[in-house]
């Protein structure tokens, strides 16, 4: 039995419209997502920053460094980790400058052992600062953040410095 042409066209049109309507489209949500990162604001640790969604690590406080001293914070625990967003805010009381240095783990080990020519990662580091903020996605690897008041990049003064710092690691919404 042969179907009339009109029936065949109607069937094809029905299949075609079904295929077209099955395309993925943005699903509207009734929950606010201010930064449009796909994570509703009530679940997002950073609702106005599309780069970050979930906080993994947070350290803040005030510390005093003597000339020649530094402090350090490990930023990742695995060489396989990737996509973490590093955020730090540093403010020094007075006009003395410090360095905010980010090292790959192996270079940090040499730095910790006293090497003041150890290579730090320039794109994540800031030298000679009294106030600075950085928010960057880290490349794959294991890193250490150091507040440095040694000869590494900027010579320390003769007096101690008091530094207020915030260091965070976070995941993006896509991780």
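Looking at region 54-171, I'd like the Rg to Rh ratio, where Rg is from alpha-carbon atoms and Rh is Kirkwood's inverse mean 1/r.
0.95
Residues of region 121-146 with backbone nitrogen within less than 18 Å of a virtual label 7 Å along the Cα-to-Cβ line of residue 62, please, listed as ranges.
Counting only backbone N, you get 130-132.
Each reported figure results from applying straightforward, stated rules to the coordinates on display, with no laboratory input. Because the structure is predicted, anything quoted here is derived from the model rather than measured. With ideal geometry, Cβ positions are generated from the backbone for all residues, glycine too; neighbour counts draw on all protein chains shown.
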